[in-house]
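The values are calculated or read from the model by the stated rules, or taken from the named source; none is laboratory data. Remember, it's a predicted structure, so these values are computed and weren't measured experimentally. All Cβ positions, even for glycine, are placed from backbone atoms using ideal geometry, and neighbour counts span all protein chains on display.
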Amino acid sequence: MGCEENKRGIRKDESRDGGGILIHMRKGIQKVLDILNCRDNSIYYECEDVNFILTFPTGYGKTTLSLEIVRMIDLKPTQNFSRLIHVVPTRSLAKDIQNSACERGLGFAVQYSFTPSHIKSPLFLAKFIITTYDSFLLNLYKASIGEPFSYHGHYDLPRFGIYTSLVHFDEFHLMNEGNSWTSLLGAVRHLSKVGVNMILSSATPSKSVEEELIRMMENRKVVRLAVVNEYGESVKNRNCVKVSEGYYECEVGSVKYTSVEVEDKINAPDININFLDKEDDVLGVVRRNKDKKIMVIVNTVDKAITLYEKLRDLSPCLIHSRFKIGDRDEKLRKECNIIIATQVIEVGVNISSEVMITEQAPITSIVQRVGRLLRDNKKDKGELYIWKSGNYYPYDKDEVENTIKELESKKNDISLKVPSSYGEIVDRVIKPPRGDPDLLRELDNIAENLFATREDLEKLLDKYCTLTNSYVINVAYDTPASERDLIPLDGDLALKIAIKGNDCVYAYVEEYKPERKVAVDKVNVRETCVEIAKPCRDYRKVFYDGDKRYIIYALKIDKELYDEETGLRLRK
């Protein structure tokens with residue numbers, strides 16, 4: 001289970017009635033459960049065959065929805081699904097959901113790269129599975145990633161697990177580019193065809209993204225559900241006809257769907273939006289507010305480190321993606337008045353500030369960051385500063401510039417906490433994603449061909465490298481005792497800084513040790529030198545040394561590149 005205590009119970013801040021139902025449940029979550037309408041017929045639950053696209057504010061509690069459904073199917077299955085798979089973009093969000101499950105006494109299993117064996121579900125057969133998009137997609141398309149040492153793997157078992165589940169695609173707006181978008185479209189279309197029920201949730205979906213996903217669910221019942229302050233807000237500029245208060249029949253081309261609004265008066269705090277032009281202005285705001293909880297969010301690790309060093313005398317906390325997992329977890333638990341961070345805090349991090357400075361970014365990222373401003377609801381007024389740094393990486397320049405223009409013109413009339421307030425800006429600013437029709441066609445062929453194997457997926461990955469927009473390879477400067485000692489990096493960057501030998505790269509590898517008495521592979525980590533020709537392919541493959549088999553656990557780097565205070569630097 002992965003919790004320190006395996007006890008059935010409820011969170012201290014929860015109240016439930018005699019049937020175990022939350023007494024104070026958010027209206028949007030309750031509405032989803034009402035529409036799902038699961039009835040107990042003593043043998044199993046009978047639920048409506050329905051799919052959801054949810055627009056909930058940041059911090060509204062999308063995880064609670066999954067946990068409430070899991071609480072139900074923990075007792076007995078439904079006629080539609082026997083398990084719930086919650087799919088997230090980051091490992092940090094996966095861990096946050098694990099913690100929430102532990103607090104509620106719910107069992108779970110986890111599947112992502114380098115998952116600790118004691119909480120792993122290699123075959124996707126647990127009742128509640130928390131996984132990342134890359135792991136889910138690889139399992140759907142027959143990689144069987146839970147069995148890394150198997151050439152073929154029992155790839156049909158994870159697919160069976162998916163086919164008999166309710167799949168919750170969380171923060172799906174982060175999958176709106178390149179291979180990620182194409183793979184998500186392919187997954188939604190295939191799962192829709194085979195009758196799998198889905199929930200897709202986000203605080204910042206664009207109209208173009210939502211409507212393309214709805215097209216992929218043709219001939220299925222789809223409910224688009226949005227939390228609003230007033231009825232009518234979420235259907236502006238959409239082809240919808242009002243049926244009754246808060247209910248609309250809508251169309252995307254020839255595809256029909258239902259739009260439902262939940263009027264839930266969100267007590268949005270009063271956030272004053274300001275703009276800064278220079279780095280010195282940023283430093284000045286921090287120093288003037290040093291006694292308040294203040295968060296500075298920038299777009300690159302190097303910039304975060306630079307600001308940290310210039311403000312070191314104020315004892316800030318630095319959080320970014322190039323820390324060891326264990327060190328970053330410690331920093332997130334630490335009480336800090338001043339936090340300097342990168343995008344890693346946009347999802348899956350439950351921290352709050354009174355003052356926020358964010359570097360310029362697209363509206364979707366700005367909204368996610370503002371989700372950490374006054375998140376604890378202890379105060380009703382806050383300050384947001386948007387730093388017009390002039391740097392656009394890693395975002396689309398047009399989307400950033402148009403976001404700034406929109407916010408400058410509407411800063412007194414917008415709430416970045418309420419989707420219906422910023423939704424039209426998202427629709428205007430965020431460009432429609434472009435998929436790859438060739439990749440989509442090849443994914444369909446693998447998904448629908450009963451005789452396709454893992455080898456077919458490997459051929460596809462030789463061509464496209466990855467099913468998402470990036471791939472991660474861990475690095476470490478000493479033999480890792482657990483995932484806490486790993487530093488997840490972009491794969492190409494990891495290879496660039498790894499210690500090289502003659503025609504090989506030094507790595508910590510897991511050596512396969514078959515153990516018939518347990519359900520998961522036993523591994524032993526050791527150091528060796530491996531040949532890597534194409535890192536996006538070779539980091540997943542099995543290497544052979546005589547009768548021994550091993551896979552890469554982490555690439556080895558120079559210890560002098562790492563500092564516990566500032567993290568990994570790319571140069572000494």
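Here is how the numbers come out for the structure above:
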| item | result |
| --- | --- |
| Residue that is at pLDDT 95 or above and surrounded by fewer than 12 Cβ atoms within 10 Å (Cβ to Cβ), where the choices are 37, 51 | 37 |
| Of residues in region 272-295 being surrounded by 20 or more Cβ atoms within 10 Å (Cβ to Cβ) and touching a Ser or Thr at 6+ places or on another chain (Cβ under 8 Å), the one nearest to residue 372 (Cα to Cα) | 295 |
| Positions within region 537-562 being of a type in the set (D, E, K, R), touching a Phe, Trp or Tyr at 6+ places or on another chain (Cβ under 6 Å) and closer than 13 Å to residue 526 by Cα, in sequence order | 549, 556 |
| Selected residue [surrounded by 22 or more Cβ atoms within 10 Å (Cβ to Cβ) and under 21 Å from residue 284 (Cα atoms)] from 363, 339 | 339 |
| Residue among 184, 174, 191, 225 that alone is crowded, with 16+ Cβ neighbours inside 10 Å and touching a Leu at 6+ places or on another chain (Cβ under 6 Å) | 225 |
| Filter pass, residue 431 being out of contact with any Gly (no Cβ under 8 Å at 6 or more places or on another chain), of a type outside the set (Val, Ile, Thr) and assigned by TED's automatic domain parsing to the domain that holds residue 289 | no |
| Tally of residues being in contact (Cβ under 8 Å) with a residue 40 or more places away in the chain, out of contact with any helix residue (DSSP H, G or I) (no Cβ under 7 Å at 6 or more places or on another chain), in a loop (DSSP other than H, G, I, E, B) and under 30 Å from residue 308 (Cβ atoms) across region 533-571 | 2 |
| Exclusive hit being modelled with pLDDT under 85 and crowded, with 17+ Cβ neighbours inside 10 Å, set 508, 539 | 539 |
| Residues being of a type in the set (A, V, I, L, M, F, W, C) and closer than 17 Å to residue 163 by Cα - total across region 70-92 | 6 |
| Qualifying positions in region 79-106 - farther than 23 Å from residue 343 by Cβ and in contact with an Asp or Glu (Cβ under 7 Å, 6 or more places away or on another chain) | 79, 80, 106 |
| Condition met for residue 262 (touching a residue at least 40 places away in the same chain (Cβ under 8 Å) and not in a strand (DSSP E or B)) | no |
| When residues of region 465-481 are limited to those that are outside any strand (DSSP E or B) and either within 22 Å of the chain's Cα centre (by Cα) or of a type in the set (Asp, Glu) (or both), the one farthest from residue 330 (Cα to Cα) | 465 |
